[in-house]
Amino acid sequence: MTLSYKDMESPVGKLQLVASSNALIAVLWEQERPNRVKLRTPKPDPHHPILLETERQLTEYFSNQRTEFDLPLQPDGTEFQKKVWQALRAIPFGQTRSYLDLAKTLGSLKAARAVGVANSRNPLSIVVPCHRVVASDGSLTGYAGGLRAKAALLALEGKDRGIEISK
């Protein structure tokens, strides 16, 4: 499978959009941790229709004109990871859930740590809203884009966590 990419500037930093011929595969951060998401090396394609549509929808999201994404998605992961990522997509715009809440949704109270690990491996940042997952006490915890980006995304969605965000 050949992968293509397009870089995009956003209010939370540069994003790299990655797609196959028929689906979005990843939304990655400029300061991405090596091997967090394992992909074949993509080739630049600024005119790829899925990448252009993803950029358009993300721009609308950042402009408060979109609350859900309507894109063909094809994340690569284990069956458990895919279940977690599907559960993330069910968290409504402007709301948060804890890792424990997600574990309960998946039917296992003891799976909160496994949910956290799967959440950290989400290749589709922002589009599959892992930023909406917080600690049980409501505090912000790890995020591939950094806690400032997570706080900025939650603030954009109306969930200001009282964290000062500076550029």
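The values are calculated or read from the model by the stated rules, or taken from the named source; none is laboratory data. The structure displayed is predicted, hence computed values, not measured ones. Here the Cβ is made from the backbone with ideal geometry for all residues, glycine too, and neighbour counts use every protein chain on show. For the accessible areas, the whole protein counts, side chains as well, though only heavy atoms, and no ligand, DNA or RNA atoms are used. Shrake-Rupley method; radii C 1.70, N 1.55, O 1.52, S 1.80 Å.
Each of Asn35, Ile50, Ser10 was scored by the projection of its Cα onto the charge dipole of segment 9-92, and the greatest displacement toward the positive side belongs to Asn35; charges sit on the C-beta of Lys, Arg, Asp and Glu. Sorted on the mean count of surrounding Cβ atoms within 10 Å across their residues, most packed first, peptides 53-59, 28-34 read 53-59, 28-34.
DSSP assigns beta bridges within segment 1-145; of those with both partners inside it, close to 60 percent run antiparallel. Dipole check for segment 1-99: with +1 at the C-beta of Lys and Arg, -1 at the C-beta of Asp and Glu, and the Cα centre as origin, the magnitude is about 380 Debye. Taking the 1.4 Å solvent-accessible surface of the chain as the whole, the part contributed by carbon and sulfur is 49%. Taking all protein chains into account, the per residue accessible area for segment 32-167 stands at 56 Å² (1.4 Å probe). Per-residue ellipticity at 222 nm, computed for the chain from helices alone with -39500 (n - 2.57) per DSSP H run of at least four residues, works out to -9000 deg cm²/dmol.
Over 29 Å apart at the Cα level, from the set Lys14/Lys104; Lys14/Lys38; Lys82/Lys110; Lys38/Lys110, are Lys14/Lys104. The candidate values are [x] 27, 22, 18; [y] 32, 20, 13; [z] 24, 19, 14; the one derived from this structure for semi-axes √(5λ) of the Cα gyration tensor in Å carries the label [z].
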